[in-house]
1. Yes or no: Gln88 open to solvent by 60 Å² or more (accessible area, probe 1.4 Å), within 21 Å of the chain's Cα centre (by Cα) and either farther than 27 Å from Ser197 by Cβ or modelled with pLDDT under 95 (or both)?
2. Which condition number in (1) closer than 30 Å to Ala285 by Cβ; (2) touching a Leu at 6+ places or on another chain (Cβ under 8 Å) is the one that Thr250 fails?
3. Confirm whether Arg146 is basic (Lys, Arg) and in contact (Cβ under 8 Å) with a residue 12 or more places away in the chain.
4. Among (1) crowded, with 20+ Cβ neighbours inside 10 Å; (2) under 19 Å from the mean Cα position of the chain (by Cα), there is one condition Lys152 misses while meeting the rest; what is its number?
5. What's the number of the only condition in (1) surrounded by 16 or more Cβ atoms within 10 Å (Cβ to Cβ); (2) modelled with pLDDT under 90; (3) in a helix (DSSP H, G or I); (4) out of contact with any Phe, Trp or Tyr (no Cβ under 9 Å at 6 or more places or on another chain) that Ala177 fails to meet?
6. Looking only at residues that are in a helix (DSSP H, G or I) and β-branched (Val, Ile, Thr) in region 91-109, which one is nearest to the chain's Cα centre (by Cα)?
Amino acid sequence: MDISIQDLIHRYPGRGKRPPRLALDRLSLHIDGGAFFVLTGPNGGGKSTLFRILCGLMRPSSGRVTLGGLDLLRQGSAVRQRLGVVFQKPALDPHLTVRENLAIHADLYRLDRTTFHRRLEENLVWTGLKDRLESPVKNLSGGLARQVELVKVLLHTPPLILMDEPTTGLDPGSRHAFLRAVRDIQRREGLTLLMTSHIFSEAEEADAMGILQGGRLLAADTPGALRASLGREVVVIQAHDPDAMEQELTGRQGLAVQRRNGEIRVEGADGVALVEDLLAHHRGAIRHLTIKEPTLEDVFIHITGQSLDQSDPAGDTGGRSLP
C-alpha cells in the first residue's frame with residue numbers, strides 16, 4: 001500500500017497577535033508499498049502535522065494525498081479501514097486490564113480467538129508485559145503503557161501502519177527491542193510503515209528516510225546514501241582560535257567546512273591524512289580532534305547548517321538541498 005503526497009500545504013490560522021504559520025510547504029513525497037520509511041527532523045518541523053493529515057484528523061490547506069490509490073480526502077472511510085495508527089500518547093482505557101484492552105481492539109477488527117492469541121504471543125516477545133496481562137493499565141509505568149499501545153496496533157496487521165514518535169517513554173533497551181520487532185513484522189507481513197521520529201538513529205534500519213524541517217522535505221533517500229553524501233569520514237576539531245582554524249581549512253580545495261557550537265566540522269577529506277597534517281603543522285592550535293564515520297545527525301547538520309538544538313521549534317526555518 002503505497003503513499004503518495006503531492007504539493008501538500010498546511011497553514012495554521014493566526015490567533016490574537018500571532019500571525020498564521022506555514023507548517024507544510026509544498027511537500028511532495030512517494031513511499032513505495034511494503035517499505036519501512038522513517039520521517040525525521042527536529043520537533044516543530046512539521047512531522048506531527050503531516051501525521052494528523054495522513055490519519056484523516058486534519059484537512060490540509062491544499063494538495064493531494066493518496067494511500068494505496070485511495071484519495072484521502074474523498075475516500076477517507078475506506079482509507080481508515082486499512083490503517084493502523086500509533087499516536088504519541090497511548091489510547092487505552094486505564095481501568096481495564098492489559099488483556100481486556102487488547103481483546104477489545106481484536107473484537108473491533110473481528111479477529112477470532114485463535115488469531116488473537118497467536119498475534120498476542122508474537123508481539124509480547126519484545127515487551128515486559130507477559131506477567132502484566134491481568135494488571136489494570138492505570139497501574140503500569142508510562143513505558144509499559146506505551147508497550148500495550150504498540151502491541152495493540154500490531155494485532156490486526158493492517159497493510160499500512162502510521163506511527164508518530166512510537167518509542168516515546170521507552171528506555172533504550174525497550175526502544176531497540178520494539179524497533180527490531182516492528183521491522184521483523186513489517187518484513188514478514190509486507191506492511192507499509194511510516195514512522196516519525198526526532199531520533200535520527202532510529203532511521204538506520206529503514207528502507208528509506210526523509211528529513212523534514214520548517215515544513216519542507218530537505219532530503220529523501222536511503223540512510224546509506226545520505227551518509228555517503230558526506231564522504232567516508234567527518235573530522236571534528238576544537239581549536240584554541242576557531243576563527244584562525246576555520247580560515248585555514250576553508251582555503252583548502254575540496255573540503256566542506258562548517259562551524260557549529262564552537263566546533264569545526266570538516267567533510268569530504270581523507271580523514272587520516274587531514275588529521276596527520278593538522279598534527280604536523282597545527283598541533284599547538286588544537287584542543288581536541290576527532291575522526292568518525294558520518295551519522296544521520298551529521299547529515300542533518302550538513303543539510304541545514306544547524307544542530308538539532310539550534311533548530312527553530314516553530315518550524316519556520318529554511319534549509320538547503322543535498323548537492
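The values are calculated or read from the model by the stated rules, or taken from the named source; none is laboratory data. A quick note: this is a predicted structure, and the numbers were derived from the prediction, not measured. So basically every Cβ, Gly included, is an ideal-geometry build from the backbone, and we count neighbours across all protein chains shown. Ligands, DNA and RNA are excluded from the accessible area calculation, which covers all protein heavy atoms including side chains. Shrake-Rupley method; radii C 1.70, N 1.55, O 1.52, S 1.80 Å.
1. Values: open to solvent by 60 Å² or more (accessible area, probe 1.4 Å): yes; within 21 Å of the chain's Cα centre (by Cα): yes; either farther than 27 Å from Ser197 by Cβ or modelled with pLDDT under 95 (or both): yes.
When the stated conditions are applied, Gln88 passes them.
2. Going through (1) closer than 30 Å to Ala285 by Cβ; (2) touching a Leu at 6+ places or on another chain (Cβ under 8 Å) one by one, Thr250 breaks only (2).
3. Working: basic (Lys, Arg): yes; in contact (Cβ under 8 Å) with a residue 12 or more places away in the chain: yes.
Answer is yes for this residue.
4. All conditions pass for Lys152, except number (2).
5. Of the numbered conditions (1) surrounded by 16 or more Cβ atoms within 10 Å (Cβ to Cβ); (2) modelled with pLDDT under 90; (3) in a helix (DSSP H, G or I); (4) out of contact with any Phe, Trp or Tyr (no Cβ under 9 Å at 6 or more places or on another chain), the odd one out for Ala177 is (4).
6. Of all residues in region 91-109, those in a helix (DSSP H, G or I) come to 98-108.
Retained after the next criterion (residues that are β-branched (Val, Ile, Thr)): 98, 104.
Details: Val98: 28, Ile104: 29 Å.
Ranking the candidates gives Val98 first.
Conditions tested, residue by residue: (1) among the polar types (S, T, N, Q); (2) at pLDDT below 95; (3) in contact with an Asp or Glu (Cβ under 7 Å, 6 or more places away or on another chain); (4) open to solvent by 60 Å² or more (accessible area, probe 1.4 Å).
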position: Ile31; (1), (2), (3), (4): no, no, yes, no
position: Gly34; (1), (2), (3), (4): no, no, no, no
position: Thr40; (1), (2), (3), (4): yes, yes, no, no
position: Met58; (1), (2), (3), (4): no, yes, no, no
